[in-house]
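Here the structure is laid out as structure tokens; the discussion comes afterwards.
The values are calculated or read from the model by the stated rules, or taken from the named source; none is laboratory data. Computed from a prediction, not measured in an experiment: that's the story for all the values here. When we count neighbours, we look across all protein chains shown, and the Cβ atoms used for this are built from the backbone with ideal geometry, even at glycine.
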Amino acid sequence: MEIIIIGGGITGLSAAYRLIEANRTDLNVTLLEASSQFGGTIKTIERDGFLIELGPDSFLATKPWLTNLTERLNIKHRILPTNDAFRRSHIVHNGALKPLPEGFLMMAPTNFLPLVTTDLFTWTGKCRMAMDLFLPRGKAVSDESLGAFVRRRLGQEVLERVVQPLIGGIYTGDPDDLSLKAILPRFLDMEARDRSIIKAMWKQKRVATKKRKKGQEDSGARYSDLVSFDHGMQTIIDTLLAHIPDHILVPNSPVQALQRVEDQWQVRTSDDQSYSADAVIMALPSAQAAAMLSGLDTTVSDELNAIPHASSAIMNLAFNRSDIPHPLDGFGFVVPAIEKRKIIACSFSSVKFSNRAPGQKVLLRVFIGGAMHHELFKLSDLEMEQAVYGELRDLMGIEAQPLFKILSRYAHAMPQYLLGHVDRVVRIKKLVNTWPNLALAGNAFSGVGLPDCVHSGEEAAEKILNEL
């Protein structure tokens, strides 16, 4: 049985490894990757003693699929937690960095004293937030935007000052467009079960307190759940490649056409190579999958094209510690859209994880663009560089030029889970299932994080194994 995997990012590699793990002697697997390198957006480089992530720098350990994969690859011992000292984030407020109140997780407080004393919210905003304790459950609707949900439960200030920038740092999207059911369904479950989001968060805090030492409480995006690898995220890609036989991996092979001829799939690459396959796994961005399927099934192609993607850029900057006046007492900061700045977030990489910068040096990662600032992605490299320098000067007091900088652009890389996304994914799966031995995988469907990508690739492999 011949199986073709199209796409050599972490999704495609996970699918390939799962097929190898099945230990089926009757399977031949070929993985076609358009570029010369495997791993997609995951890339770690070393320079002058710095360990630099050009793409994702971490993953959520609470989503089990990537962690489980590391166990099977015997590299779980190489998982690196975030540093204990400053597990919190800052918010830009009126042009200054303000610490997010201790215990404020994602969208709701778990500690009231820090909330009372912070000047991040007005007293009106604080009182509106507290009303969540008394509000009834919302009426059942087919779907609700993240923005509408937060306004309804906690008020406008929480939305624009905390939720939008925190979620924007993950999905780079507009909360009024994003589907809560698709990106944060656990908050819908909280409302259904506990009525109040704050009460539900209190319950979670009590459970978490039993599991972690006192004084290590997070604020922001569950930093204690974020992990990386001792030598960067490239570790998982290099390990997968070491466990997949070389003859399976075919780089520099962009697929031009996918056809169904009698009972076989026909795959043709740009160099006119042709492959016949009994099954195909498409581990691609949805727009690329749509283009390949357009000649076969316009309905599924249209559904895939209806999932928009945002573009963003990451600029890594190295500094001497003495050139940064800010105390760096956190893992970074996020920037609310209402601040009208030219960056959406900045991560203090060498504070967040150890071994990212040599002694007395600092590594920062600045994020630009996204769905709410798509025009900034179009800036030239020089314009983007000047914009970043200006923001770091205004917000952190950095006047010095960096020791070096590295700019990475990712066009149409972040899928936007808009209202109706969950139903759209159900329709896509039903349509794809009408074609024999075909599976789609990737971050456009049921999760944008790296564990979600691993899970998607493994599910696609299991689907094909079952069908064959």
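Side notes on the structure shown:
- Residue match in the range 275-290 (condition: within 30 Å of Leu392 (Cα to Cα), under 31 Å from the mean Cα position of the chain (by Cα) and hydroxyl-bearing (Ser, Thr, Tyr)): no
- Selection from the range 126-145 of residues that are farther than 20 Å from Trp202 by Cβ and surrounded by 17 or more Cβ atoms within 10 Å (Cβ to Cβ): Glu144, Ser145
- Qualifying residue in the range 265-284 (condition: closer than 23 Å to Met414 by Cα and in contact with a Lys or Arg (Cβ under 9 Å, 6 or more places away or on another chain)): yes
- Across the range 162-172, the number of residues qualifying as surrounded by fewer than 24 Cβ atoms within 10 Å (Cβ to Cβ) and either more than 15 Å from the chain's Cα centre (by Cα) or not in a helix (DSSP H, G or I) (or both) comes to 1.
- The sole residue among Gly155, Gly147 that is of a type outside the set (A, V, I, L, M) and touching a Lys or Arg at 6+ places or on another chain (Cβ under 8 Å) is Gly155.
- Enumerated strands (runs of 3 or more DSSP E) restricted to the range 240-302, each holding at least 3 residues that are hydroxyl-bearing (Ser, Thr, Tyr): 274-277
- From Leu69, Leu60, Leu19, residue being more than 22 Å from the chain's Cα centre (by Cα), within 27 Å of Thr235 (Cβ to Cβ) and crowded, with 16+ Cβ neighbours inside 10 Å: Leu19
- Taking the listed residues Leu395, Leu403, Leu438, Leu419, the one that is under 24 Å from Asp278 (Cα atoms), touching a residue at least 60 places away in the same chain (Cβ under 8 Å) and either in contact with a strand residue (DSSP E or B) (Cβ under 7 Å, 6 or more places away or on another chain) or not aromatic (Phe, Trp, Tyr) (or both) is Leu438, with no other qualifying.
- Filter pass, Leu13 being modelled with pLDDT under 95, within 18 Å of the chain's Cα centre (by Cα) and either β-branched (Val, Ile, Thr) or crowded, with 18+ Cβ neighbours inside 10 Å (or both): no
- Members of the range 337-351 found to be outside any loop (DSSP other than H, G, I, E, B), under 22 Å from the mean Cα position of the chain (by Cα) and either modelled with pLDDT under 95 or hydrophobic (A, V, I, L, M, F, W, C) (or both), listed by number: Ala337, Ala345, Cys346, Phe348, Val351
- Pairs with Cβ under 7 Å, 6+ apart, first in the range 188-208 and assigned by TED's automatic domain parsing to the domain that holds Phe134, second aliphatic (A, V, I, L, M) and surrounded by fewer than 16 Cβ atoms within 10 Å (Cβ to Cβ): Ser196/Leu133; Ile198/Leu133; Lys199/Leu133
- Boolean, Leu80 is surrounded by 22 or more Cβ atoms within 10 Å (Cβ to Cβ) and at pLDDT 95 or above: no
For (1) crowded, with 23+ Cβ neighbours inside 10 Å; (2) over 22 Å from Phe229 (Cα atoms), each residue gets a yes or a no:
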residue	(1), (2)
Ile406	no, no
Leu419	no, yes
Asn433	no, yes
Phe445	yes, yes
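- Members of the range 134-148 found to be out of contact with any strand residue (DSSP E or B) (no Cβ under 8 Å at 6 or more places or on another chain) and either at pLDDT below 95 or not in a helix (DSSP H, G or I) (or both), listed by number: Phe134, Leu135, Pro136, Arg137, Gly138, Lys139, Ala140, Val141, Ser142
- Within the range 303-330, the set of residues being closer than 24 Å to Tyr410 by Cα, assigned to a loop (DSSP other than H, G, I, E, B) and more than 17 Å from the chain's Cα centre (by Cα) comprises just one member, Ala306.
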